[in-house]
Every structure is written in C-alpha cells, then in structure tokens.
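Student: Have a look at this one.
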Amino acid sequence: MSLFRRDRGGSGRVSVQEAAARTGDGDAVLLDVRESHEWQAGHAPGAMHLPLSALAAGAGLPARAQARPLVVICRSGNRSRQAAELLAARGADAVDVIGGMRDWAAAGLPVVDARGRNGTVA
C-alpha cells in the first residue's frame, strides 16, 4: 500500500510542505531529478540526486532509495512528474512535488549548494 494519496489520474502529487514533512521524518527519500549543474547550484539538504535523463536511460535507484517511498522533485514540477510516473511504472512508490524547487525555496525551505552552503535554484 502506498504512503501517498493519489489524484484521480493515479499519479501522486504533494505540496512542498508535504514533501518536507514526509522526507524530514525519514519515511521517504527526496529524489532530485534535475541535471548536475542545477543540483550543484542548490538542492534540498538530504536529497538524493538522479537526473531524469539517467533515469529514462535505465539507471537504477541509489541503494539508499530502493524499496522506500520516493518524493521526486525538479525545478518546477514537470520533470518530476515524468520521473514519478516512470518510477511508478517500475513498481516504486513515487510522487512528485508540485512547483518543485522553485516553490520549495519560495516557501522558505532550505536550499544548499554542492558545498553545503546557501544555494540557489537554477
């Protein structure tokens, strides 16, 4: 059974606040599917990185993300929705974050760069 509620189309979507709550308590993994330059500029602390391009090419999930609920995030929500659908088709419990990292940062949630300092959403 899924940890996440689903919309009528069957794909799950969560707000940035829900994403922060679900991933902050350790139940779910925040999976950032943006490209490397975007990730390096700024990402949520504790997020794991796996670009959509790699995922679509058949890359597997990092070991720490396997068999766990996934909250998938990108810049605005488009790529994360594609990634969540792809992951769900592979049997993962995955939802995407509405508004992506843009809304995450706008909500005042932390963003760090590749060095762990204050980051920006690229």
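Student: Return the FRET efficiency for the residue pair Asp27, Ala57: r is the Cβ-Cβ distance, R0 is 25 Å, and the value is rounded to the nearest 0.05. Spell out each step's value before the answer.
Tutor: Working: r = 28 Å, r/R0 = 1.14.
Computed FRET efficiency for Asp27 and Ala57 comes out at 0.30.
Student: With θ set to phi - 60° and the Karplus curve 6.51 cos²θ - 1.76 cosθ + 1.60, what are the ³J(HN,Hα) couplings of region 101-109 in order, to the nearest whole Hz, using x for Gly and Pro?
Tutor: The phi angles translate into 5, 4, 5, 4, 5, 5, 7, x, 6 Hz.
Student: Residues in region 20-64, backbone N under 20 Å from the label point at Arg115 (7 Å along the Cα-to-beta-carbon vector): list them, ranges by number please.
Tutor: Within reach of a label on Arg115, which here means backbone N under 20 Å from a point 7 Å along Cα→Cβ, region 20-64 contributes 36-47.
Student: Please give the length that would be gained between Gln66 and Gln17 if that part of the chain were fully extended, namely 0.36 nm times their separation in residues minus their C-alpha to C-alpha distance (nm, one decimal). Could you put the intermediate results ahead of the total?
Tutor: On the way: separation 49, 0.36 × 49 = 17.64 nm, distance 2.32 nm.
Result for the pair: 15.3 nm of gain on full extension.
Student: Comparing Ala107, Ala94, Ala65, which has the greatest mean-square fluctuation in the GNM of the chain with Cα pairs linked when under 10 Å apart?
Tutor: Greatest mean-square fluctuation among the candidates belongs to Ala107.
Student: Pick from Leu31, Leu61, Leu87: which residue has the top mean-square fluctuation in a GNM of the chain where Cα pairs under 10 Å get a spring?
Tutor: Answer for the Gaussian network model of the chain: Leu61.
Student: Per residue and in Å³, how big is the convex hull formed by the alpha-carbon atoms of the chain? Present the calculation step by step, with values, prior to reporting the outcome.
Tutor: On the way: hull volume 11.6 nm³, N = 122.
Convex hull of Cα atoms, per residue: 95 Å³.
Every number in this text was worked out from the coordinates using simple rules, so none of it is lab data. This is a predicted model, so every value here is computed, not measured. A quick note on method: Cβ atoms are made from the backbone with ideal geometry, for glycine too, and the neighbour counts reach across all protein chains shown.
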